[in-house]
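What follows is a set of notes on a single structure, which appears directly below.
Readers should treat all values here as calculations from the given coordinates under stated rules, not as data from a laboratory. This is a predicted model, so every value here is computed, not measured. Here the Cβ positions follow ideal geometry from the backbone for every residue, glycine too, while neighbour counts run over all protein chains shown.
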Amino acid sequence: MKLAVEIRTLGHADAAALRGMLAMFGKAFGEVATYTARQPDDAYLEHLLSSDTFIAIAAKAGCNIIGGLAAYVLPKFEQDRAELYIYDLAVAQEHRRQGVATAMIMELKTLAAARGIDVMFVQADLQDQAAIALYTKLGVREDVLHFDIATAQKMIP
């Protein structure tokens, strides 16, 4: 029997759901402390969820957050347009390969089109074959390099 999954875009009153997404991301990525140890307060999360430049989509099964997607709208400078960057996307281990990630991306595509955004993009680690297969199914692959550049305040290990 297939589990009923609700895909929902989070709004300003959904700080608790966003916290559930953060906990799920931590488990899914094996980085629990990164996603849970220093979370901002509810006012910060509510402001972020109200922003025109941040989108959070949650996948729920019953009361549990089983998937999440966080994306940023990037206004462009060379033209009057924007692109959408999928920053984080994960599905809890026991719910993978059931179309949850695809459903969240399709919801994001609908939101992007409604905002007049033509292009969404996402990065995947070379060793993450499941993510590469998913994104190849949905889009065109471009092989690029990614560099983290530390600011004066924080050095990257």
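Using only helices, what value at 222 nm comes out for the chain when you add -39,500 (n - 2.57) per DSSP H run of length 4 or more and divide by the total residues, to the nearest 500 deg cm²/dmol?
On the way: 5 runs with 54 residues, N = 157.
After summing the helix terms and dividing by residue count, I get -10500 deg cm²/dmol.
For the stretch 56-130, build the convex hull from the C-alpha positions and give me its volume per residue in Å³.
96
Bin width 10 Å, origin at 0, all Cα-Cα pairs of the chain: what percent of pairs per bin?
In whole percents, the pair-distance histogram is 10, 36, 39, 15, 1, 0.
Would you mind computing, in nm to one decimal, how far apart the modelled labels at Tyr72 and Leu3 are, each placed 7 Å from Cα along Cα→Cβ?
For Tyr72 paired with Leu3, the spin-label model returns 3.0 nm.
Using the Cα centre of the stretch 1-135 as the reference point, and only Cβ charges (+1 on K/R, -1 on D/E), how large is the resulting charge dipole? Debye, rounded to the nearest 20.
I would put it at about 440 debye.
What does the extension gain come out to for Arg141 and Asp125, with contour length at 0.36 nm per residue minus their alpha carbon separation? Write out the running numbers ahead of the final one.
Values: separation 16, 0.36 × 16 = 5.76 nm, distance 1.27 nm.
Going from the current span to full extension adds 4.5 nm.
What is the calculated FRET efficiency for Ala133 to Phe54, with r their C-beta to C-beta distance and R₀ = 22 Å, to the nearest 0.05?
The computed FRET efficiency comes out at 0.20.
Bins of 10 Å, beginning at zero and ending with the bin holding the largest distance: percent of Cα pairs per bin for the stretch 14-61, please.
26, 54, 20
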